[in-house]
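Engineer: Take a look at the following structure, please.
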Amino acid sequence: MYQEKYTPPKRTSHLKSIKYVIDENGCWICTSHAKPKHRGGYPVITRNGKFYRLSRYIYEQEHGEIPEGMYIMHLCDNPECINPNHLQAGTPKDNTQDMIRKGRKPVGERVPSAKLTENDVREILKDTRPYTHIALDYGVSKKAIQQIKHRRTWKHVKEAR
């Protein structure tokens, strides 16, 4: 890794120099700005009293204004990266599809609010009782059981044989 300094192409006296190191993937890891965990670990700046992701700022400096409603996606999947070549504008749907394609979208037990385990789901799939009874036993709604049984949710879980 080696230290670099980013100087935006436009005159921006309100922003100090941005310092970063370049890692083995070509990511520019910001070292000069805070990366609050409650903000996803993204480096931030303050503009007009509001937090603003540094990646959005750099994207705008290099590629122009971000269209309304668009996200800035990190092609490298590294929230600390500010390399303009790793940043791309996309819709919320593009961002979600990218997350799914790269296996970053939590499913099943990895969803923080999940009430069931994969073993629970296997047992539910085998259970022949009425949905209401199953739901009561697992502390979920009848609709949740219906969604599992009809393979609308927890599709990644294979049925036990």
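The values are calculated or read from the model by the stated rules, or taken from the named source; none is laboratory data. Since the model is a prediction, treat every value here as computed from it, not as a measurement. FYI the Cβ positions are ideal-geometry reconstructions off the backbone, even for glycines, and counts take in every protein chain you see. Surface accessibility is based on the protein's heavy atoms, side chains included, excluding ligands, DNA and RNA. Shrake-Rupley method; radii C 1.70, N 1.55, O 1.52, S 1.80 Å.
Engineer: State all residues of segment 92-116 that are β-branched (Val, Ile, Thr), open to solvent by less than 80 Å² (accessible area, probe 1.4 Å) and assigned to a helix (DSSP H, G or I); if no residue qualifies, say none. Steps first, answer last, please.
Structural biologist: As a first pass, look at segment 92-116 and keep what is β-branched (Val, Ile, Thr): 96, 100, 107, 111.
Next cut, open to solvent by less than 80 Å² (accessible area, probe 1.4 Å) only: 96, 107, 111.
Once the filter is applied, which keeps residues that are β-branched (Val, Ile, Thr), open to solvent by less than 80 Å² (accessible area, probe 1.4 Å) and assigned to a helix (DSSP H, G or I), segment 92-116 yields only 96.
Engineer: Going by the structure shown, is residue 78 within 19 Å of residue 27 (Cβ to Cβ), part of a helix (DSSP H, G or I) and open to solvent by 30 Å² or more (accessible area, probe 1.4 Å)?
Structural biologist: Working: within 19 Å of residue 27 (Cβ to Cβ): yes; part of a helix (DSSP H, G or I): no; open to solvent by 30 Å² or more (accessible area, probe 1.4 Å): yes.
In short, no.
Engineer: Please enumerate the residues belonging to segment 37-49 that are modelled with pLDDT under 85 and in a strand (DSSP E or B).
Structural biologist: 46, 47
Engineer: Now for a different question. Pairs under 6 Å by beta carbon, first residue at pLDDT 95 or above in segment 128-142, partner open to solvent by 90 Å² or more (accessible area, probe 1.4 Å), six or more apart or different chains?
Structural biologist: 131/142; 132/142; 135/142; 140/115
Engineer: For segment 28-68, name all the residues that are open to solvent by less than 30 Å² (accessible area, probe 1.4 Å), β-branched (Val, Ile, Thr) and out of contact with any Cys (no Cβ under 8 Å at 6 or more places or on another chain).
Structural biologist: Of everything in segment 28-68, those that are open to solvent by less than 30 Å² (accessible area, probe 1.4 Å), β-branched (Val, Ile, Thr) and out of contact with any Cys (no Cβ under 8 Å at 6 or more places or on another chain) turn out to be 44, 45, 58, 66.
Engineer: Now, a different point. Restricted to segment 121-137, and to residues that are under 14 Å from residue 158 (Cα atoms) and either aromatic (Phe, Trp, Tyr) or over 27 Å from the mean Cα position of the chain (by Cα) (or both), which residue is surrounded by the most Cβ atoms within 10 Å (Cβ to Cβ)?
Structural biologist: Residues of segment 121-137 under 14 Å from residue 158 (Cα atoms): 121-126.
Imposing the further condition that a residue be either aromatic (Phe, Trp, Tyr) or over 27 Å from the mean Cα position of the chain (by Cα) (or both) reduces the set to 122-126.
On the way: 122: 16, 123: 15, 124: 22, 125: 15, 126: 10.
Among residues in segment 121-137 that are under 14 Å from residue 158 (Cα atoms) and either aromatic (Phe, Trp, Tyr) or over 27 Å from the mean Cα position of the chain (by Cα) (or both), the one surrounded by the most Cβ atoms within 10 Å (Cβ to Cβ) is 124.
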